[in-house]
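Novice: Right, I'll just put the structure down here and ask away after.
The values are calculated or read from the model by the stated rules, or taken from the named source; none is laboratory data. These figures come from a predicted structure and were not determined experimentally. Positions of Cβ are generated from backbone atoms using ideal geometry, with glycine treated the same way; all protein chains shown enter the neighbour counts. The area values use the complete protein model at the heavy-atom level, side chains included, leaving out ligands, DNA and RNA. Shrake-Rupley method; radii C 1.70, N 1.55, O 1.52, S 1.80 Å.
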Amino acid sequence: MTDKTNILFILQTLRTGGSERVVVDLCRRLDAGRFNCFVAALVDGELRETLRQMKVPTLLPRIRSARQDALNVIREISDFIGVNGIHVVNAHHFTPFFYGFYGAKRHGCRIFYTAHSRNEVDLVGKAWSVLGGILLRFSDGAIGISPDVTEAIRRRFRLRAARALTLTNAVDHSRFEVNVNVKAKRGELGIGEADRVIGCVGNLRRDKNYPNLIRAFKIVEERAKGAKLVIAGEGKRRKDVEALIGELGLEGKVLLLGARNDVPEIMKVMDVYCLSSLREGLPLSLLEAMSAGLPVVGTDVRGIRDVIANGQTGLLVASDSPEQLSQALFEVLTDKKLARGLSERGRGYVLREHGVEKWVGRYESLFSLNGSGRKAAGDVAAGRESLTG
């Protein structure tokens, strides 16, 4: 009989995104002497191989459509929980929470719902928000990755304040302390030694607003000789992005790298990192870029402005304004003193406020089998906030 806590993380996909990287980092960093990690996901992706290499057991339920296969998915997840003796379920996003709830309750597990952006919470329909509120009252609590997201959870599902807590995203800084032959890496990616590189990492989704970034880059490219834009990520909007690149005549200057497992190395070839989103939760990729020592530019929207102090840890510009975005990027590319100052202050901020050790410790306390889930949650939340009531 093991005294380890068996944790099942349930994800929407195994593609490379913020919530997926949170789960992978937890699987890497949770104390292996106390915790065993398992993962289930509704959609396959490149992180399945990463999890395989980490020897994390993974479930991919058979799903063709939510309407056809909902009961099958619920049953498969429930069976996986039972077979593996899961103690704690942590579902990231609402749909995985819905699919995992029955199995968690059937097998006497604690279950926590984690939301990663206000937008995903706001998009939960009225009927689903009523159902979600009921399910959450019978769960062990909800987690927001920023205070804003936590407040959105409380409002949308009509929860008492004590039923949700905030565990802000953190960065495993050691991942970005890599030695890279920058010249060789640039050559591998098709980037010249003297090229000035703007970079971004993230799924190709509408809310990332890549058209804004690409149009801004078109203006930068006309002013700064040898500029390149590198985008690492995959998603449903790829064809739209490719069409815009062709329309603006930027083939060979905007590089779509697809999903990558060498992001820390790719960041070493960048000169500035840009996140041009319409909305964010607490953007992990931005924190990672700052941890890697890159100066950052972002749009002045919820989530990004929670990370960037304009003029101090990065530059903020109005959302959906290619002209303003291009000017900020041009300034960072051409002003070495500005870039160096933003880089140093940004990295210092992430090291100080988003260290992974404290973050992992709070999750370990939350997931611990020592005492009830609600008591453990009370121990990790600021001000001894609990998830009771």
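Novice: Please turn the phi angles of region 224-233 into ³J(HN,Hα) values with the Karplus equation 6.51 cos²θ - 1.76 cosθ + 1.60 (θ = phi - 60°), one per residue in order, whole Hz, x for glycine and proline.
Specialist: 3J(HN,Hα) across region 224-233, in whole Hz: 10, 5, x, 7, 9, 10, 10, 10, 9, x.
Novice: Any chance you could check the Cα centroid distance between region 155-182 and region 1-21 for me, in angstrom?
Specialist: Region 155-182 and region 1-21 have Cα centres separated by 14 Å.
Novice: Moving on to the next point. If you filter region 128-196 for chymotrypsin sites (Phe, Trp or Tyr not before Pro), then keep DSSP loop positions with at most 14 other Cβ within 10 Å, what is left?
Specialist: Numbers: sites: Trp128, Phe138, Phe157, Phe176; in loops: Phe138, Phe157.
Taking region 128-196 and a limit of 14 other Cβ atoms within 10 Å, the loop chymotrypsin sites (Phe, Trp or Tyr not before Pro) found are Phe138.
Novice: Also: On full extension of the chain, what length is gained from Asn310 through Asp69, given 0.36 nm per residue of separation minus the C-alpha to C-alpha distance?
Specialist: Details: separation 241, 0.36 × 241 = 86.76 nm, distance 4.70 nm.
Between Asn310 and Asp69, full extension yields an extra 82.1 nm.
Novice: Build a GNM of the chain with springs between Cα atoms under 10 Å: which of Val201, Val241, Val89 gets the top mean-square fluctuation?
Specialist: With Cα springs under 10 Å in the chain, the top fluctuation among Val201, Val241, Val89 is at Val241.
Novice: Tell me which cysteines of the chain come out unpaired when the rule is another cysteine's Cβ under 4.7 Å.
Specialist: Result for the chain is Cys109, Cys200, Cys274, no neighbouring Cys Cβ within the cutoff.
Novice: Roughly how many debye, to the nearest 20, is the charge dipole of region 108-154 about its Cα centre, given +1 on each Lys and Arg Cβ, -1 on each Asp and Glu Cβ, and no other charges?
Specialist: It comes to approximately 180 debye.
Novice: A further question follows. Amide H to amide H under 5 Å from Gly45: which residues, 5+ apart in sequence or cross-chain, H placed 1.01 Å off N in plane?
Specialist: Counting only residues 5 or more places away or on other chains, the set is Leu14.
Novice: Distance from the Cα centre of region 308-343 to that of region 45-79, in angstrom?
Specialist: First find each Cα centre; the distance between them is then 41 Å.
Novice: Output the pairs from Lys208/Lys253; Lys218/Lys239; Lys268/Lys337; Lys183/Lys218; Lys126/Lys358; Lys55/Lys185 with a Cα-Cα distance over 27 Å in this structure; if there are none, say none.
Specialist: As for pairs spanning more than 27 Å Cα to Cα, those are Lys126/Lys358; Lys55/Lys185.
Novice: Starting at the first residue of region 275-289, write each ³J(HN,Hα) from the Karplus equation 6.51 cos²θ - 1.76 cosθ + 1.60 with θ = phi - 60°, in whole Hz, x for Gly and Pro.
Specialist: These are the phi-based 3J(HN,Hα) values: 10, 10, 5, 7, 7, 8, x, 10, x, 5, 4, 5, 4, 5, 4 Hz.
Novice: If you don't mind, another one. Specify, per residue and in Å³, the volume enclosed by the convex hull of the alpha carbon atoms belonging to region 116-272.
Specialist: That works out to 141 Å³ per residue.
Novice: Same structure again: So what is the accessible area of the chain per residue, in Å², with the probe set to 1.4 Å? Walk me through the intermediate numbers first.
Specialist: Details: 16790 Å² over 389 residues.
Per-residue accessible area for the chain comes out at 43 Å².
Novice: In Å and whole numbers, how far do the C-alpha atoms of region 181-334 stretch along each principal axis, longest first?
Specialist: 35, 33, 31
Novice: Sticking with this one: Once fully extended, how much extra length lies between Asp240 and Arg223, figured as 0.36 nm per residue of separation less the alpha-carbon to alpha-carbon distance? Provide the component values of the computation, followed by the final result.
Specialist: Details: separation 17, 0.36 × 17 = 6.12 nm, distance 2.52 nm.
That pair, Asp240 and Arg223, stretches by 3.6 nm at full extension.
Novice: Still on this structure, please answer the following. Distances longer than 23 Å among the Cα atoms of region 1-141: what percent of all pairs is that? Spell out each step's value before the answer.
Specialist: Details: 2991 of 9870 pairs.
Pairs farther apart than 23 Å: 30 percent.
Novice: Between Glu247 and Lys55, with labels modelled 7 Å along Cα→Cβ, what's the label distance in nm to one decimal, could you check?
Specialist: It is 5.1 nm.
Novice: Go ahead and run the numbers for FRET between Val180 and Leu351, Cβ-Cβ distance against an R0 of 25 Å, rounding to 0.05. All intermediate terms of the calculation are to be shown ahead of the outcome.
Specialist: Working: r = 20 Å, r/R0 = 0.81.
Once rounded, the FRET efficiency stands at 0.80.
Novice: List the residues whose amide H sits under 5 Å from the amide H of Lys253, counting only those 5 or more places along or on another chain, with H placed 1.01 Å from N in the peptide plane.
Specialist: Close amide H contacts, sequence-distant or interchain: none at all.
Novice: Moving on. Out of the total accessible area of the chain (probe 1.4 Å, heavy atoms of protein only), what percent is carbon and sulfur? Can you show the working numbers first?
Specialist: Numbers: 8040 of 16790 Å².
Carbon with sulfur: 48 percent of the solvent-accessible area.
Novice: I would also like to ask the following. Could you tell me how many degrees, from 0 to 90 and to the nearest 10, lie between the Cα long axis of helix 126-137 and the main elongation axis, the longest principal axis, of the Cα atoms of the chain?
Specialist: Roughly 60 degrees, rounded to the nearest 10.
Novice: Nearest 10 degrees is fine. How inclined is helix 336-353 to the longest principal axis of the chain, computing both from alpha carbons?
Specialist: For helix 336-353, the angle is close to 10 degrees.
Novice: Which whole-number percent gives the relative contact order of the chain, counting Cα pairs below 8 Å spaced six or more residues apart?
Specialist: Numbers: 761 pairs, mean separation 56.7, N = 389.
Once divided by the residue count of the chain, the mean separation gives 15 percent.
Novice: To the nearest 10 degrees, how steep is helix 94-106 against the longest Cα principal axis of the chain, on a 0 to 90 scale?
Specialist: That helix lies at roughly 20 degrees to the long axis.
Novice: Consider the candidate values (1) 62, 45, 41; (2) 79, 51, 42; (3) 51, 43, 40; state which one is Cα extents along the principal axes in Å computed from the structure displayed.
Specialist: Answer by label: (1).
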